[in-house]
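Report on the following structure.
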Amino acid sequence: MELPIVSFGDSSCQVLGLRFSKYDKNDRLAVIAALEWADGLIESQVVSVNLPDESNQTLLKKGQFFAKNWSEGERIFNALVASKWIVPTGWLGSSGFVRPPVCEVGPDAITLPE
């Protein structure tokens with residue numbers, strides 16, 4: 001299986017896998033990607049976003065999360081969707097000017113221990 005590649009201008013990184021946690025405010029699923037850069041540096045990047053407003057929470061079923069698909073999260077989101085590591089459900093949350101997609105962890109995702 002090929003690892004997803006995320007390009008950032010002149011540099012790129014590989015997504016090694018996904019870790020899972022919970023948001024403190026509401027125990028909803030938090031998804032964190034482990035990224036490895038060409039120089040060997042490994043860092044964590046949160047892929048999910050917490051929308052604690054109750055109207056948004058009713059959109060989520062067990063195992064689903066809101067994905068950050070804007071700003072610094074856009075390229076990682078696109079790479080994870082293209083590799084089927086995360087799968088959008090077609091539903092959207094709402095928070096100000098952004099409409100984060102409701103996603104599930106895909107069947108091809110590599111999960112890492114917490």
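Any read-out appearing in this document is the output of simple, stated calculations on the displayed coordinates, not a laboratory observation. This structure is a prediction, so every number in the text was calculated from the model and none was measured. Quick reminder, even Gly has a Cβ in these numbers, built from the backbone with ideal geometry, and neighbours come from all protein chains shown.
Placing unit charges on the Cβ atoms of the charged side chains and taking the dipole of the stretch 1-97 about its Cα centre, the candidate lying farthest along the positive direction among LEU35, ALA82, SER71 is ALA82.
Comparing ASN78, ASN26, ASN69 in a Gaussian network model of the chain, where Cα atoms under 10 Å apart are tied by springs, the biggest mean-square fluctuation is seen for ASN26. Each Lys and Arg adds +1 at its Cβ and each Asp and Glu adds -1 at its Cβ; summed about the Cα centre, the chain shows a dipole of about 440 debye.
Potential lengthening of the chain between TRP91 and LYS61 amounts to 9.7 nm, from the contour at 0.36 nm per residue minus the alpha-carbon distance. Here's how it looks for THR89: its modeled amide H is under 5 Å from those of VAL102, CYS103, GLU104, which are all 5 or more places away or on a different chain.
Which ordering of PHE20, PHE8, PHE65, PHE97 is given by a fewest-first count of other beta-carbon atoms within 10 Å? If you can, show how the numbers build up before the last one.
Numbers: PHE20 16, PHE8 11, PHE65 25, PHE97 6.
So the ranking, lowest neighbour count to highest, is PHE97, PHE8, PHE20, PHE65.
Put simply, the C-alpha atoms of the stretch 5-105 give a gyration tensor, and the ellipsoid matching it has half-axes of 24, 14, 12 Å, longest first. Qualifying trypsin sites (Lys or Arg not before Pro) in the stretch 1-46, where qualification requires a DSSP coil assignment and no more than 10 other C-beta atoms within 10 Å, comprise LYS25.
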